[in-house]
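Single-structure report; data block below.
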Amino acid sequence: MFTNELNQSATLPHVQDCQTKHKLHKALRSLVREYQELNGTEVKKYDHTPTPLQMYRECISPGRPAVITGAIDHWYARKGWTNEYLRNRIGDQMITVASTPNGLADALTLDPVSGKEYFAMPYEKKMPFNDFLDIMLGEESEYPHYASLQNSSLTTEYKSLVEDVDPDIPWFTEALGREPDAINFWFGDSRSKTCLHKDPYENCYAVVRGTKTFVLLPPIEYYCVHESSFPCATYVLDANGKLKLEPLSGTMKTPCSPVDPSNPDLERFPRFRYAKPITVTVREGEMLYLPAFWMHQVTQDGEEGVIAVNYWYDLDYQSILYPTVSHLRRLVASVLDDQEDLGESDGED
Ligand SMILES: O=C(O)CCC(=O)C(=O)O
């Protein structure tokens, strides 16, 4: 009788559901562990520019990050981008600057007014480059400022500086067989931080001034980052010139990971304990190769601000990476976390 009851309960849908979920959790943890055992947490270091074949075999094909020294030594920008030069060249030009009260753009943020959590986008304003540079050099400003526009900003807003760097990373272009899609110019200081996210691009990220620290997680550790969908809001100025969050109308939600990988709250995000975050410091003159879909958080440090230029190359959509990552996201979100579909958008989220 007792055995029969047990057998019956085992066939009840909610019990089956729990068992399936338990098996899935176990399987996903094995996947993460196996990848970690095979790859470790090593980041390759090159003290010279690698050949295209070396780059392809050792980094692009296995999807492993690398730090390369000496790749941008020949750029005029390396020594030539002094404050004086930048003022002469682009000082009067209007540039787009992102601002948030806490220095975190595109981040999960608790709105103190409504008590709700939003995916918060920064307040974007235009200002002359000279005024922005004054802030980077220490002039007081109420909020952090970050020149971090990502629509190939170097070739649009900063096109007077284009000649000071290479139009592509030649050995990387040859390894991949295509030209970069976008070249971005970044200028910020330690008050601004980029939260954990991933991009559908192969990324060659060169630091021209200061230091950037990346916390990296491979796409397989996607299981660990508790991605979820949140309503969106944008920072706007209120009547007193203070930043406040304004929810976006409509029902659109944006997926994002709420975990801070440098200081994870393991009670709220227990799956993060299976992750093995890799911290990489990229110094002036160095370049980071960041493979597509690797999750990354970025902080920066430098006395006169931190300048970087990065090249985004489209990933190879025919490789197994894209459908695998999409599948992993859907599996974790819809089956394990009982969430709505995260959507097909695999953009810069
Ligand atoms: O430098 C930063 O703050 C962010 C860089 C980044 O997220 C990227 O290059 O994809």
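The values are calculated or read from the model by the stated rules, or taken from the named source; none is laboratory data. Every value quoted in this text rests on a predicted model; they were computed, and no experiment measured them. Reconstructed Cβ throughout: ideal geometry from the backbone, glycine too, with neighbour counts over all protein chains shown.
Within segment 196-206, being surrounded by 22 or more Cβ atoms within 10 Å (Cβ to Cβ) and more than 9 Å from the ligand (Cβ to nearest atom) holds for 196, 202, 204, 206.
When segment 31-59 is examined, which residues are found to be touching a strand residue (DSSP E or B) at 6+ places or on another chain (Cβ under 7 Å) and either more than 21 Å from residue 201 (Cβ to Cβ) or part of a helix (DSSP H, G or I) (or both)? Correct list: 41, 45, 47, 58, 59. Exactly one residue out of 152, 160, 148 is over 25 Å from residue 233 (Cβ atoms) and in contact with a strand residue (DSSP E or B) (Cβ under 7 Å, 6 or more places away or on another chain): that is 152.
Output yes when any residue across segment 289-304 is touching a Pro at 6+ places or on another chain (Cβ under 7 Å) and among the polar types (S, T, N, Q), and no when none is. There is at least one residue in segment 289-304 that is touching a Pro at 6+ places or on another chain (Cβ under 7 Å) and among the polar types (S, T, N, Q). One residue stands out among those in segment 145-160 that are out of contact with any helix residue (DSSP H, G or I) (no Cβ under 9 Å at 6 or more places or on another chain) and within 12 Å of the ligand (Cβ to nearest atom): the one that is modelled with the lowest pLDDT, which is 150. Could you please let me know if residue 133 is in contact with a strand residue (DSSP E or B) (Cβ under 6 Å, 6 or more places away or on another chain), crowded, with 20+ Cβ neighbours inside 10 Å and part of a helix (DSSP H, G or I)? No.
Only residues that are touching a Lys or Arg at 6+ places or on another chain (Cβ under 7 Å), within 29 Å of residue 306 (Cα to Cα) and surrounded by fewer than 18 Cβ atoms within 10 Å (Cβ to Cβ) were counted in segment 264-284, giving 1.
Contact map, segment 295-324: residues that are surrounded by fewer than 16 Cβ atoms within 10 Å (Cβ to Cβ) paired with residues that are aliphatic (A, V, I, L, M), Cβ distance under 6 Å, separation 6+ or inter-chain. Pairs shown: 304/137.
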